[in-house]
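Engineer: Before anything else, here's the structure in question.
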Amino acid sequence: MTGQRPGAGPGEPVAGDVHPGDDAPDLPAADAPAADPGTPAAADPPAAEGPRARRRRGRDPLAAALIGVLTLLLGFAFAVQVRTTGTGEDYSTLREEDLVRILDTLDAREDRLREEIADQRSRLRDLASDDGRSEAALAETRERAEALGILNGTVAAQGPGLVMTVRDPEGRVRVADLLDAVQELRGAGAETMQIDDVRVGVSTAITGEPGQLRVDGVEVESPYEYRVIGSPQDLATAMAIPGGVVDRIGRQGGSVDIVQSPAVVVDALRQLDRPQYAAPGDGD
Amino acid sequence: MIPILGLALGIVLGLVLEPTVPLWLQPYLPIAVVAALDAVFGGFRARLDGIFDAKVFVISFVSNVVVAALVVFLGDQLGVGAQLSTAVVVVLGIRIFGNAAAIRRHVFRA
């Protein structure tokens, strides 16, 4: 509303300036119904014009200057105030208690948001660490299962190693010879092996008479083929030591061929017996 | 003519210079402007009524502004500044409306 006033101001004075020139005839009729202001003008139109003109002429310069200065100040202040209000500094005109209330509200909101952020952060951390922990645990478990599987012979394995063929044309190689070979290979770092088509595990037994040997109850015939995974060099050296496996089988009339290979496949599998008496202990 | 020129020049100066209102003046400036507007409307009405007096105008202008600012200042000191400034604006608004009505009767004869 106040914004319209200055606009109306410049407009009205034009009418006002025109007005005094010929208001004398009109004023009385128009102002007759109006109570106070009209009466003096209506009573004496020429007289009304007289004092006004006199007053204008007689207006002393000091009063004119004061009026000018005051109105100039008003216009200035008006424009400045409109500008200030228009710049959107809404808080600048607010009173202290309002500002304090607004500040309180903002503080409370900030606190709430901060708490929320902390909450979410810790939840994120929990989830991330859970994720990482379970993933690591899963990977570790899988690795261990694979290692155990290779040791127990429940999974196929491949890697560097050697293929050892034991020929026994005279049928004189004994259980002890084959068992020695297995022990020696294990001692030399064999990780897993198979004899012919039988995987050698922790409970593997070699039984029978020379010429009718059985590995884990499965009959094997000469030539016996050992497929062993481990360091080929170490294994070959362990077999060839004086008084070792190769020597002893040679003394029984057999012969041993050892072929080192960068990729030996051990793919015979063993069935794991479910332990009947033993159960996992509590201690880690 | 002088008041109109003064007003116009003041508005132009205010728009061109774009001064920053000092902080201590900020609560009082709007009230002072409204009070001065009341004085100007009163003066304009008086001039249309043919009873304009420069001395009365100057004194009423100054006293309006000072009293309005003083009332708001006192209100601020008493902790009811917001309510008192509303009261001042309401009273001055009513007076401005009254003066505007009288001016309208002169200008439009209605």
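The values are calculated or read from the model by the stated rules, or taken from the named source; none is laboratory data. These figures come from a predicted structure and were not determined experimentally. Please note: Cβ atoms are built from the backbone with ideal geometry, for glycine as well, and neighbour counts cover all protein chains shown. What goes into the accessible areas is simple: the full protein's heavy atoms, side chains included, and nothing from ligands, DNA or RNA. Shrake-Rupley method; radii C 1.70, N 1.55, O 1.52, S 1.80 Å.
Engineer: Students often check this: by mean Cβ neighbours within 10 Å, which of A:130-142, A:201-213, A:183-195, B:29-41 ranks highest, and how do the rest follow?
Structural biologist: B:29-41, A:183-195, A:201-213, A:130-142
Engineer: Using packing as a proxy for protection, rank B:57-70, B:80-93, B:10-23 so that the peptide with the highest average count of other Cβ atoms within 10 Å comes first.
Structural biologist: The densest-packed peptide leads the list: B:57-70, B:80-93, B:10-23.
Engineer: In the range A:215-284, carbon and sulfur make up what percent of the accessible area (probe 1.4 Å)?
Structural biologist: 49 percent
Engineer: How much FRET efficiency would the formula 1/(1 + (r/R0)^6) give for A:Ala108 and B:Val91, where r is the Cβ-Cβ distance and R0 is 41 Å, rounded to 0.05?
Structural biologist: Between A:Ala108 and B:Val91 the formula returns 0.65.
Engineer: Taking each residue of B:33-39 in turn, how many C-beta atoms of other protein chains fall within 10 Å of its C-beta, and what is the average?
Structural biologist: Mean shielding by partner chains, rounded to a whole number: 5.
Engineer: Can you compute the charge dipole magnitude of the range A:96-152 about its Cα centre, using +1 on each Lys and Arg Cβ and -1 on each Asp and Glu Cβ, nothing else charged? Give it in debye, rounded to the nearest 20.
Structural biologist: Roughly 500 debye for the range A:96-152.
Engineer: Can you tell me the relative contact order of chain B? Whole percent, Cα pairs under 8 Å, sequence separation 6 or more.
Structural biologist: That works out to 30 percent.
Engineer: Would you mind computing, in nm to one decimal, how far apart the modelled labels at A:Arg142 and B:Leu17 are, each placed 7 Å from Cα along Cα→Cβ?
Structural biologist: 7.9 nm
Engineer: Please compute the average number of Cβ atoms from other chains found within 10 Å of each residue's Cβ in peptide B:53-66.
Structural biologist: Rounded to a whole number, the mean comes out at 3.
Engineer: When the dipole is taken about the Cα centre of chain B, and only Lys, Arg (+1) and Asp, Glu (-1) are charged at their Cβ, what size is it in debye, to the nearest 20?
Structural biologist: Its charge dipole is roughly 480 debye.
Engineer: Moving on to the next point. What Rg and what Dmax come out for chain B when only alpha-carbon atoms are used, in angstroms?
Structural biologist: 15.4, 46
Engineer: Something else now. Take the alpha-carbon centre of the range B:75-110, take the same for the range A:112-187, and report the distance between them in whole Å.
Structural biologist: Measuring centre to centre over Cα atoms gives 92 Å.
Engineer: So if I place +1 on the C-beta of Lys and Arg and -1 on the C-beta of Asp and Glu, and nothing else carries charge, what would the dipole magnitude of the range A:200-284 be about its Cα centre? I want it in debye, nearest 20.
Structural biologist: In debye, rounded to 20, the range A:200-284 gives about 180.
Engineer: Given only helices, namely DSSP H runs of n ≥ 4 each adding -39500 (n - 2.57), what is the per-residue ellipticity at 222 nm of chain B, to the nearest 500 deg cm²/dmol?
Structural biologist: -28500 deg cm²/dmol
Engineer: While we're looking at this one, here's another question. For B:101-109, what's the mean count of beta carbons from other chains sitting within 10 Å of each residue's beta carbon?
Structural biologist: For this peptide, the per-residue mean of nearby foreign Cβ atoms is 5.
Engineer: In whole Å, largest first, what are the principal axis extents of the Cα atoms in the range A:210-284?
Structural biologist: Principal axes ranked by extent give 49, 31, 25 Å for the Cα atoms.
Engineer: Oh, and also: If packing is taken as the mean number of other Cβ atoms within 10 Å per residue, what is the order of A:146-154, A:107-115, highest first?
Structural biologist: Output ranking for A:146-154, A:107-115: A:146-154, A:107-115.
Engineer: Here is a follow-up. Which chymotrypsin sites (Phe, Trp or Tyr not before Pro) in the range A:223-284 pass both tests, a DSSP loop state and at most 11 other beta-carbon atoms within 10 Å?
Structural biologist: Passing both the DSSP loop test and the Cβ count: A:Tyr277.
Engineer: Each residue of the range A:263-270 in order: what ³J(HN,Hα) in whole Hz does its phi give by Karplus 6.51 cos²θ - 1.76 cosθ + 1.60, θ = phi - 60°, with x for Gly and Pro?
Structural biologist: 9, 9, 9, 10, 10, 6, 10, 10
Engineer: Does the range A:158-266 come out rounded, prolate or oblate by the C-alpha gyration tensor, with a ≥ b ≥ c the root eigenvalues, rounded set by a/c under 1.5 and, if not, prolate when a/b is larger than b/c and oblate if not?
Structural biologist: oblate
Engineer: Once you place label points 7 Å from the Cα toward the Cβ at B:Val56 and A:Asp257, how far apart are they in nm?
Structural biologist: 13.8 nm
Engineer: Quick one: check the C-alpha center-to-center distance for the range A:211-255 versus the range B:21-71, whole angstrom.
Structural biologist: 122 Å
Engineer: Moving on. Only helices at least 24 Å long along their own axis, judged from Cα atoms, and with Kyte-Doolittle mean hydropathy of 0.0 or greater: name those in chain B from DSSP H.
Structural biologist: B:29-49, B:54-78, B:81-108
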